[in-house]
1. With respect to F51, determine if the residue is in contact with a Leu (Cβ under 8 Å, 6 or more places away or on another chain) and touching a residue at least 40 places away in the same chain (Cβ under 8 Å).
2. Would you point out which residue out of E23, E67 is among the acidic types (D, E) and farther than 28 Å from H103 by Cα?
3. Taking only region 75-105 into account, find how many residues are over 15 Å from E37 (Cβ atoms) and out of contact with any Leu (no Cβ under 7 Å at 6 or more places or on another chain).
4. Quick one: how many residues across region 96-143 are basic (K, R) and under 30 Å from S10 (Cβ atoms)?
5. Output the residues belonging to region 97-125 that are surrounded by 15 or more Cβ atoms within 10 Å (Cβ to Cβ) and under 20 Å from K28 (Cβ atoms).
6. Can you work out which of the residues in region 105-149 that are assigned to a loop (DSSP other than H, G, I, E, B) and of a type outside the set (S, T, N, Q) is nearest to L20 (Cα to Cα)?
7. Provide a single number: the residues in region 73-96 that are assigned to a helix (DSSP H, G or I) and surrounded by fewer than 15 Cβ atoms within 10 Å (Cβ to Cβ).
8. Restricting attention to region 36-46, does a residue exist that is of a type in the set (V, I, T) and modelled with pLDDT under 95?
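The values are calculated or read from the model by the stated rules, or taken from the named source; none is laboratory data. As the structure is a prediction and not an experimental result, all values here were calculated from the model. All Cβ positions, even for glycine, are placed from backbone atoms using ideal geometry, and neighbour counts span all protein chains on display.
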Amino acid sequence: MSTPRIDFYSASPAAIKAMLTLEGSVTKLGLEPSLLELVKMRASQLNGCAFCLDMHSRDARKAGESERRLYVLPAWRETDLFTPREQAALAWTEALTLITQGHASDADYALARAEFSEAELTNLTLAIVTINAWNRFAIGFRSQLPAEK
């Protein structure tokens, strides 16, 4: 287990207030809560953020997400368990999270535009940006998982 670095919540309350405001805005933009949890899970998987995976897997279950879909999320392209809208969101999540690998390809953009309005795609992009920012805080400062109950 890695040693935590700093408690970024107490180190800069202003920075965390800004992040929490951003997060609060994302939840009010009209995207489906279940879709947002899938996006948060997938970005956190790609980034290897155990803290965020733990948190968002619990949040997804509370929102009604099935264990089965959470288990196969890393292989979402190999199953028909996800709707076309969810598939488009997951592809866009991967494209933006792994931006240096493909620079948000035209194919991923076209898939997203087929399922999301311009406003929805902008809102989805903000959600992806936000979870990637949280991942970087948690990974960079080595946030620890809460103890099991």
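1. yes
2. Criteria check complete, one pass: E67.
3. Keep residues of region 75-105 that are over 15 Å from E37 (Cβ atoms), which gives 75, 77-80, 84, 87-88, 91-92, 94-105.
Add one more test, that the residue is out of contact with any Leu (no Cβ under 7 Å at 6 or more places or on another chain), and what stays is 75, 77-80, 84, 87, 95-96, 99-103, 105.
Summing the residues that are over 15 Å from E37 (Cβ atoms) and out of contact with any Leu (no Cβ under 7 Å at 6 or more places or on another chain) in region 75-105 gives 15.
4. Within region 96-143, the first condition is being basic (K, R), and the residues that meet it are 113, 136, 142.
Next, only the ones that are under 30 Å from S10 (Cβ atoms) stay: 136, 142.
So the count comes out to 2.
5. F116, E120, L121, N123, L124, T125
6. Of the residues in region 105-149, the ones assigned to a loop (DSSP other than H, G, I, E, B) are 105, 116-117, 141-149.
Those left that are additionally of a type outside the set (S, T, N, Q): 116, 141-142, 145-149.
On the way: F116: 25, F141: 17, R142: 19, L145: 19, P146: 20, A147: 23, E148: 25, K149: 26 Å.
Per the criteria, the residue is F141.
7. Filtering region 73-96 down to residues assigned to a helix (DSSP H, G or I) leaves 73-78, 84-96.
Next, only the ones that are surrounded by fewer than 15 Cβ atoms within 10 Å (Cβ to Cβ) stay: 74-75, 77-78, 84.
Of the residues in that region, 5 qualify.
8. Kept after step one, since they are of a type in the set (V, I, T), are these residues of region 36-46: 39.
From what is left, the residues that are modelled with pLDDT under 95 are none.
The answer is no; no qualifying residue exists.
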